[in-house]
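*Asks:* Dumping the structure here so I can ask a few things about it.
The values are calculated or read from the model by the stated rules, or taken from the named source; none is laboratory data. This one's a predicted model, so the numbers in the text were calculated from it and none came from an experiment. Glycine gets a Cβ as well: all are built from the backbone with ideal geometry, and neighbour counts include every protein chain shown. Please note that ligands, DNA and RNA were not included when accessible areas were found on the heavy atoms of the full protein model with its side chains. Shrake-Rupley method; radii C 1.70, N 1.55, O 1.52, S 1.80 Å.
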Amino acid sequence: MSARAVHTVHPSPLGDLLLTGSVTPAGLTLASLSMPGQRGAPAVRDEDRDDGPFAEAHRQLDAYFAGRLTRFDLPLAVTGTPSQRAVWQALQDIPHGTTTTYGGLAARLGLARPALRAVGRALGANPLLLVRPCHRVIGADGSMRGYAGGVGCKLWLLTHEGALQPALV
């Protein structure tokens, strides 16, 4: 039996998150998690919506947003170039509640300063926002830089994780 493309929507404090994946007899492989209004989010067909295979992803997302989960453990689709996959794997080593810089991430990978742009491009190509925590990478000056889900979402996620203090209004 071949893989079947499916998607679901997960309500969150950031709005509805779009999750896509493939289902085989072995189960679901998560291919993407997109934020509301995200440019480049996958196009989906209504008839391919199937919430059932995403039960574990829903459970883990609920736990994350409730503050009970700090690391996702889901089967992920293998995509990207070898260099992108290396950057995405390094994201898993950034502890919850902390941040690193583009330069710090490049150094973890043994890359020289000229490779910073390539690291940034790999982060921008990450199809699994939140699950692969690219929101934890900030500029050397503390600036938020870009985030495919929007800088507002990045600020919310970092505050939720305790890496930033809530703003007083």
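*Asks:* For the chain, what is the percent of antiparallel DSSP beta bridges, rounded to the nearest 5?
*Replies:* Looking only at bridges with both residues in the chain, the antiparallel portion is about 75 percent.
*Asks:* Over all directions, average the projected area of the Cα convex hull of the stretch 2-119 and note it in nm².
*Replies:* Orientation-averaged projected area of the Cα hull: 8.7 nm².
*Asks:* Here is a further query. Work through the residues other than VAL6 whose Cβ is under 14 Å from its Cβ and net out their charges, Lys, Arg +1 and Asp, Glu -1.
*Replies:* -3
*Asks:* Something else about it: At 1.4 Å probe size, with no ligands or nucleic acids counted, give the accessible surface of GLU47 in Å², nearest ten.
*Replies:* 130 Å²
*Asks:* How large is the accessible surface of THR79 in square angstrom, using a 1.4 angstrom probe and rounding to the nearest 10?
*Replies:* Rounded to the nearest 10, that gives 50 Å².
*Asks:* Let me ask something additional. Out of every Cα pair in the stretch 63-136, what percent are spaced more than 20 Å from each other?
*Replies:* Above the 20 Å cut-off, the stretch 63-136 has 28 percent of its Cα pairs.
*Asks:* Shifting gears a bit: Tell me, in nm to one decimal, what length is gained between SER83 and LEU69 on full extension, where the rule is 0.36 nm per residue of separation less the Cα-Cα distance?
*Replies:* So the chain would gain 2.2 nm between SER83 and LEU69.
*Asks:* What's the magnitude of the charge dipole for the chain around its Cα centre, counting Lys and Arg as +1 and Asp and Glu as -1 at the beta-carbon? Answer in Debye, nearest 20.
*Replies:* Here the size comes out at about 680 debye.
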